[in-house]
Structure formats: structure tokens, C-alpha cells
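The values are calculated or read from the model by the stated rules, or taken from the named source; none is laboratory data. Here the structure is a predicted model, which means the values were calculated and not measured. Neighbour counts are summed over all protein chains in view; Cβ atoms, including those assigned to glycine, are modelled from backbone coordinates with ideal geometry. Just so you know, the surface numbers come from the protein's heavy atoms only, side chains and all, with ligands and any DNA or RNA stripped out. Shrake-Rupley method; radii C 1.70, N 1.55, O 1.52, S 1.80 Å.
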Amino acid sequence: MVDIAERPTRLAAAPALPPAAVDATRPALAGRLLGLGGKVLHRTVAIAALAATWEGAPRLGLVDRVFLPPLSEVLVAWWELLRSGQLAEHVGASLTRSLAGLGLAVLTAIPLGLLIGWYQPLAELLSPLLEVFRNTAALALLPVFVLILGLGETSKIALVLYACSWPILLNTIAGVKGVDPLLIRSARSMGLNHLRLFQKVILPAAVPTIFTGVRLAGAYSILVLVAAEMVGAKAGLGYLINYAQYNFAIADMYSGIITISAIGLVVNQLLVALERRFSTWRVDVSAG
């Protein structure tokens, strides 16, 4: 006969019996950490190889170290520019111009792209004009902007605005026109009017394509600005690179180039995070 008073003790002790279950989690955790380390290594191996090649090639005499100093010397020069405050001044000037032009492009190109993509008569009216200007390189118009707007900040911001507007505008139009017609018919069958249809179906479906254009524009805002700052600027990363080249401060020149690359990477990652924030409704099919 089993004592009833012993049953709670036995039942309570039952969950703590299998130590194998506890030990089984350790290999799983180790596997996850190993997989994470493998991903980090996979993503950084190319950069590490580039850094090693840059450091070793000049020291081994494969390239002239006068024109391509070792990476360590470039990093020392970068640190000196940072410590003296010169790098912060140039970065601040470039980011102010770049973000101003990019922000204006977002505020103007997205609404215009949504309107053109949604309203077919307007698209047919403006299509020839868009085809003409989309194939005109922004840097080719740099003399025009300088002649009309002068050598000051206005011409540089306007050039960035022009260069950034086209990827945003064209991707916004493509995003609106690329919405699945079945979704539109289903929404209309549920009684949604034009405004609610645009708000609940068209705009959310077009968000990924719009952000693709914004990310491209973010890269253009840096690249075009650097070229613009080489003409008539007194501060900025483009001015730093141009000035260092003329004065044969090669390490400073490469320091400016590295800084531009780092800024472009940071801007791109911020835009990716922003895209995820506005695309939380999307289902990641790769997860699971």
C-alpha cells in the first residue's frame, strides 16, 4: 500500500530527474555560438584580407609606398587628423550638406513618386521629361549649378538634392506600380475607398522598394558631394582629399577616403534599420 503523503514528494522530484536534458542544451548553445562566430568570421574575412594586403604590399615593395602607404601609417595619420579636430570639421561640413540634400530629396521625391505611380495621366504627361533628366549625370550639371547658384553651400546641397531625387523617385514609382493587382481588387471588394486603399494597401506594399531608392540615394549623397567639394569648397571630405593630394600628404588623402567609406557604411546600416522599422508587417520567410 502506497502512502499518499509520499506522492507529492515524488511528483515534485520528477522534473529534476533527467540530467541528460540539461546537458543537451549545452551542445545546442555551443553550436549557436559557433555558428555566430562563423558568420562574423565569414563577413570580416574579406576586409581582413584587404587590410593585410594593404599593409603588406607596400612593405614588401610590391607597390611604391610613396603612393600607397601601409595601412598602419594611414591609420596613424587618420588619428592625428581626428585628434587635431580637422577630421571632425570636415566630416561635419560634409554630413550637413549631404543630409540636407538627402532630406530634401526624400521630402520631395517620395510624394511626387507616389502621385506619378498612382495617377496614370500624370505619369504619361511627365514620362518624357523624366526620361530626359534621369539619363543626365549629376556631375555633368555641376558647372550649371555653380554658375546659377554660386560656389557656396546652396549649389552643393542642390546638386545632392538632384542626384538623390532620381533613385528615390523612380523606385517609388516602380513600387506603386508593382503592387499585386489581386491585393488591389481584394481591397476594393471589401469596400475601401481610394484614400483608404492607398493608405492600407498601396503604400505599405511599396515601402520596401521606396527604401531601396532611399538607400541608393544615401550612397549618392556622399559620392556626389565629395566631387562637388573638390570645387570651391573650404571644408569637407572632398576638400580634404583634394587638398592632401595637391600637397602630397598621401596618408591624409587615404584617411579621407577611409572616412567616406565608413560614413557610407554607417548611413546604409541606419537606413536598413529604418526600413525594418517601417516594414514590421513583412514576414521573413528565411526565419524558422
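Cα centroids of the stretch 198-226 and the stretch 159-189: 10 Å apart. Put simply, when 50-63, 158-171 are sorted by average Cβ atoms within 10 angstrom per residue, most first, you get 158-171, 50-63. Using the Karplus relation 6.51 cos²θ - 1.76 cosθ + 1.60 with θ = phi - 60°, the per-residue 3J(HN,Hα) values for the stretch 195-208 come to 5, 5, 4, 5, 6, 9, 10, 5, 5, x, 5, 8, 4, x Hz, with x marking Gly and Pro.
Alpha carbon centre of the stretch 66-119 versus the stretch 230-282: separation in Å? Answer, in whole Å: 4.
The packing ranking, built from the mean of other Cβ atoms within 10 Å per residue, places the peptides 131-140, 83-92 in the order 83-92, 131-140, highest first. Computed in the context of the full set of protein chains, the accessible area of the stretch 124-185 at 1.4 Å probe radius has 70% of its extent on carbon or sulfur. Neighbours of residue 96, meaning other residues whose beta-carbon lies under 12 angstrom from its beta-carbon, give a summed charge of -1 when Lys and Arg score +1 and Asp and Glu score -1.
Take 72-80, 105-113 and order them by the average number of nearby Cβ atoms within 10 Å per residue, most first; the result is 105-113, 72-80. Note on residue 268 and residue 126: the extension gain reaches 48.1 nm, defined as 0.36 nm multiplied by sequence separation minus the Cα-Cα distance. Sorting 43, 215, 196 by accessible area puts them as 43, 196, 215; the probe is 1.4 Å, largest comes first, and only protein heavy atoms count.
Per residue, the solvent-accessible area of the stretch 186-272 (1.4 Å probe, heavy atoms of protein chains only, all protein chains present) comes to 50 Å².
In the context of the full set of protein chains, residues of the stretch 90-156 present 57 Å² of accessible surface per residue (probe radius 1.4 Å, heavy atoms only).
Accessible-area rank, largest first, for 243, 254, 220: 243, 220, 254, with all protein chains present and a 1.4 angstrom probe. Across the stretch 134-288, what fraction of all alpha-carbon pairs, as a whole percent, falls in each successive 5 Å bin from zero upward? Going from the shortest bin to the longest, the percentages are 2, 9, 13, 14, 15, 13, 10, 8, 7, 5, 3, 1, 1, 0.
Computed from backbone phi, the HN-Hα couplings of the stretch 269-275 come to 5, 5, 5, 5, 5, 5, 4 Hz, rounded to whole numbers (Karplus: 6.51 cos²θ - 1.76 cosθ + 1.60, θ = phi - 60°; Gly and Pro given as x). Scaled to the globular estimate 2.2 N^0.38 Å, the Cα spread of the stretch 69-183, given as radius of gyration, is 1.46.
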